[in-house]
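Enquirer: One structure coming up, written as structure tokens, with questions to follow.
Values quoted throughout were computed directly from the atomic coordinates according to the rules given, and no laboratory measurement underlies them. On a predicted model such as this, the values are computed, not experimentally measured, just so you know. All Cβ positions, even for glycine, are placed from backbone atoms using ideal geometry, and neighbour counts span all protein chains on display.
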Amino acid sequence: MSRLAGVAVALAAAGVGALGMAWWSRPATSPSPSPSARPAVPATTIGSYGTRVSYPAGREPSLPAPDGTPLLVHSLLRVDRPMHFGDYVWNESGVPAGGDTRIRVDLSRQLMSVFRGGHEIGTAVILYGTDHKPTPTGTFPILARARLHQSTLYDAEMPYMLRLTNDGVAIHASAVRRGYATHGCVGIPEDFARRVFTASARGDLVTITA
């Protein structure tokens, strides 16, 4: 699973071009990371990356959303190698405590990104729904949260559940492994799910793109 494309596709589609591509390819000409944004010990399963990519004021790219509400990106996590099933990175060092939390799910790349105030603070490889139970696309407010939740429909545990739709589609902790799928939900590694749960609140927006 590679971060070398992913949201760069959305940025390019939004007309960002080479600026957006810098997020994923990390060329030597990428904007210099801000010294104040250097993390102490980032939580990660794929190694510690001590920098983030920060965009100059007035040159920030934006990510489009189906509802027409763009997400202005101030900085991104620097992840310099492909991610695999079960991998995640979480690093909020140097990111202002205030600001809205926005979650973006790219089904085609099987990646989730979590933003706070326009700064990416987490990313992970995900599971999503199969053809007969597809994960819906669009922008959804978080309707309900539960640290411990039991699905009555599938008799399955759904830790750190963030419900997105009235028919039960949610983000929740899962065993994220190759060949696995969900019944329409977005499955993420449990430790990452715990962090997403803590960082989010009812009403926060989740954008899911195909």
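Enquirer: Taking other Cβ within 10 Å of each residue's Cβ, how do 177, 78 sort, fewest first?
Expert: Lowest count first: 177, 78.
Enquirer: How many nm is it between the label spots at residue 180 and residue 151, if each spot is 7 Å from the Cα in line with the beta carbon?
Expert: Distance between the two pseudo-spin positions: 1.2 nm.
Enquirer: If you don't mind, another one. Just order 112-120, 164-172, 132-140 by mean Cβ neighbour count inside 10 Å, highest at the front, would you?
Expert: By packing density, highest mean first, the sequence is 112-120, 164-172, 132-140.
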